[in-house]
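One structure below.
The values are calculated or read from the model by the stated rules, or taken from the named source; none is laboratory data. Only a predicted model underlies this, so the values are computations on that prediction, with no experimental measurement involved. All Cβ positions, glycine included, derive from the backbone under ideal geometry; neighbour counts span all protein chains shown.
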Amino acid sequence: MNSADLIATVKKQPVGVVCGVLCLVFAAVLYVRSDKIEESQTEYDAKSAEAARILTNVSNSKNLPEQAAEMQALSRELDNRLIHAGQLAVNLQFFYKLEAETEVKLADVRQGTPAKTKTQFVAIPFTLAVQGTYKQLFTLLHRLEDRSHFCHFSNVSFTKSGGGGGDAAGTTADAMTMNLNIELLGLP
């Protein structure tokens with residue numbers, strides 16, 4: 001086949017020849033750009049995931065000011081419920097107020113040293129010896145649980161006090177002594 005035969009074939013079937021040439025050009029372009037398909041798909045997936053995350057953030061941010069205010073209020077409430085290990089007088093005052101409210105007698109109140117930890121919050125130990133009636137002692141325990149401080153009872157023991165017939169707490173016939181070790185959540 002010479003060039004004259006080739007020109008005659010092109011003139012005889014111009015549409016077929018043009019389509020064949022275009023197919024060869026497109027096949028070459030597809031071969032050259034075939035590695036870009038995977039990169040484009042990966043980029044598309046990443047952008048789709050980012051768009052979905054942005055849409056989720058936008059839908060979740062509707063109540064953001066109210067939620068932030070609620071979180072700040074809860075944080076202030078938590079700060080008010082914590083005790084500070086270095087404020088011995090304030091910490092002991094908490095127990096003296098309970099003593100006055102429950103009409104028990106605090107024979108001994110001692111604050112221990114908190115364990116050294118790398119956490120923000122620590123358990124501050126207290127040892128108490130309390131005298132009173134069975135009802136008064138359980139009222140004290142109930143108030144310790146229901147008070148504003150976070151409380152954990154480590155050890156609670158009751159003993160019957162041997163007493164005369166007096167009228168003060170700890171001297172009546174039904175008087176008891178309660179020894180308890182508790183931990184209050186606080187800051188070092």
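GLY132 - would you say it is in contact with a Pro (Cβ under 6 Å, 6 or more places away or on another chain) and either crowded, with 17+ Cβ neighbours inside 10 Å or not polar (S, T, N, Q) (or both)? Step through it out loud before you land on a result.
Numbers: in contact with a Pro (Cβ under 6 Å, 6 or more places away or on another chain): no; either crowded, with 17+ Cβ neighbours inside 10 Å or not polar (S, T, N, Q) (or both): yes.
So GLY132 fails the test.
Considering LEU144, LEU187, which residue is among the aliphatic types (A, V, I, L, M), under 21 Å from ASN80 (Cα atoms) and at pLDDT below 85?
Details: LEU144 fails: at pLDDT below 85.
Sole residue among the options that is among the aliphatic types (A, V, I, L, M), under 21 Å from ASN80 (Cα atoms) and at pLDDT below 85: LEU187.
Enumerate the pairs (first residue in the stretch 136-157 and farther than 25 Å from ASP79 by Cβ; second residue anywhere and exposed (fewer than 12 other Cβ atoms within 10 Å of the Cβ)) with beta-carbon separation below 9 Å, excluding pairs fewer than 6 apart on the same chain, so at least 6 apart or on different chains.
Cβ pairs passing all conditions: THR139/GLU101; LEU140/GLU101.
Within the bounds of the stretch 118-138, is there any residue that is in the same structural domain as LYS160 (by TED's automatic domain parsing), under 28 Å from the mean Cα position of the chain (by Cα) and among the polar types (S, T, N, Q)?
So in the stretch 118-138, the residues in the same structural domain as LYS160 (by TED's automatic domain parsing) come out as 118-138.
If we keep only those that are under 28 Å from the mean Cα position of the chain (by Cα) as well, we get 118-126.
The next check asks that each one be among the polar types (S, T, N, Q); those that pass are 119-120.
Among the residues of the stretch 118-138, at least one is in the same structural domain as LYS160 (by TED's automatic domain parsing), under 28 Å from the mean Cα position of the chain (by Cα) and among the polar types (S, T, N, Q), which makes the answer yes.
Could you identify the single residue in GLN67, GLN93 that is more than 23 Å from LEU140 (Cα to Cα) and either more than 23 Å from the chain's Cα centre (by Cα) or not assigned by TED's automatic domain parsing to the domain that holds THR177 (or both)? Before you say what the answer is, go through the steps one by one.
Working: GLN93 fails: more than 23 Å from LEU140 (Cα to Cα).
That would be GLN67, the only listed residue that is more than 23 Å from LEU140 (Cα to Cα) and either more than 23 Å from the chain's Cα centre (by Cα) or not assigned by TED's automatic domain parsing to the domain that holds THR177 (or both).
What are the residues in the stretch 113-164 that are within 15 Å of PHE94 (Cα to Cα), assigned to a strand (DSSP E or B) and among the polar types (S, T, N, Q), if any?
The one that is within 15 Å of PHE94 (Cα to Cα), assigned to a strand (DSSP E or B) and among the polar types (S, T, N, Q): THR127.
Just checking: which of the helices (runs of 4 or more DSSP H) contained wholly in the stretch 4-112 hold 1 or more residues that are in contact (Cβ under 8 Å) with a residue 12 or more places away in the chain and surrounded by 10 or more Cβ atoms within 10 Å (Cβ to Cβ)?
Details: elements: 14-60, 64-81, 88-102.
Those helices (runs of 4 or more DSSP H) span 64-81, 88-102.
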